[in-house]
Structures are given as structure tokens and as C-alpha cells.
Amino acid sequence: MLSFIGDYTCKLDSKGRAVVPAVFRKEMQAAGEVSFVMRRNIFDECIDVYPKDEWLKLIAGLREKLSQFNREQVRFFREFFRGAQEVELDGNGRVLIPRKMLDCIGIEGDEIVMVGQDSKIEIWGKIKYEESTMNTDEFVLLTSQIGL
């Protein structure tokens, strides 16, 4: 089972490629994964990056919950897929992040942060990732609100 851990600052090249951190590549190789699906995060200005098998599990769960005969659920499913793209690591361990996705999350400069989130990776602009940090009191309050 995949479990991505850690946050790593990476540089984008002029074509929008970034080297995936070695610890993430190692995790992917151990699981026999070679491709990802990227989509814009629902809540934050970042990109969710799912290994293909994790994406398929997510979609299977949605299929079980949603009806293709319910207009609102069909609209949700369509919007969930909007802009999603399948990408692969190249021979140098890089992934091409589509310019449209980078623009959508407001990347400033050439630094991004790849953040391990268990079964997926998030890609953030470095500045926005730093701004998203909770202070200790907020984090403690949140843990009690969700029952931890």
C-alpha cells in the first residue's frame, strides 16, 4: 500500500517539469506504479496527484455512491473530472505539470512544494503552501473538533 510522507521543495523548468522527490519515486516503484492522475484540489489552491491505482479506487468509490440518473450527481462527477490529466514519469524522474493546472493554482515563480498526503501527493506553489500553515492553537482546536 502506498504512503507518501514529507514535503519537498522542487524547481519547475521552463516547460513545467519537476523532478519527483526520490522518496516518492521509490514508493511508486515499490508499488509498480508508473503513471499519475492530476486534478485540481476541491478545497485548496493545489493539485492532487494520485497514483493511477489510487485514482481508480477513488473513482470506483464514487461510482458506488453516485447515480448516472441523478442530474446533480452527474454534474458533480463531470466537475470532478474537469481538467484531470494522466501523466507519467519520464526517464529522468520528472513529471510534466500542465501549464493550465499551474496557472489555475496561481504558481508564482519556479518553486513548488510536493507534499505527501498518504495515498496522494499535493503540489503547491511554495508561497501558498507556507501561507497554509496552521499555528499550534488552531491545530489543537481542530484535533478536538474532529474527535482525535
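The residues of the chain present an accessible area of 64 Å² per residue when probed at 1.4 Å with all protein chains retained. Site-free segments of the chain were taken between chymotrypsin sites (Phe, Trp or Tyr not before Pro) in DSSP loops having at most 12 other Cβ atoms within 10 Å, sites themselves excluded; the longest one is 70-148. The simple Förster model, with R0 at 22 Å and r as the Cβ-Cβ distance, assigns Arg63 and Phe43 a FRET efficiency of 0.50. Averaging 1/r over each pair of different alpha-carbon atoms in region 1-138 and inverting the result gives 15.8 Å, the Kirkwood hydrodynamic radius. Here the dipole of region 17-75 is about 200 debye; that uses its Cα centre as origin and unit charges on the Cβ of Lys and Arg (positive) and Asp and Glu (negative). Summarise the accessible area of region 65-148 (1.4 Å probe, protein heavy atoms) by the percent that is carbon and sulfur. The value for region 65-148 is 51 percent carbon and sulfur by accessible area. Computed on region 6-98, with alpha-carbon pairs under 8 angstrom and 6+ residues apart, the relative contact order is 37 percent.
Based on the Stokes-Einstein relation at 20 °C and a viscosity of 1.002 mPa s, and on the Kirkwood radius from alpha carbon pairs, region 1-56 is assigned a translational diffusion coefficient of 171 µm²/s.
Could you tell me how far the Cα centroid of region 82-117 sits from the Cα centroid of region 5-56, in Å? Between the Cα centre of region 5-56 and that of region 82-117, the gap is 8 Å.
The values are calculated or read from the model by the stated rules, or taken from the named source; none is laboratory data. Owing to the predicted nature of the structure, the values given are computational and were not obtained by experimental measurement. Cβ: placed from backbone, ideal geometry, glycine included. Neighbour counts: every protein chain shown. Please note that ligands, DNA and RNA were not included when accessible areas were found on the heavy atoms of the full protein model with its side chains. Shrake-Rupley method; radii C 1.70, N 1.55, O 1.52, S 1.80 Å.
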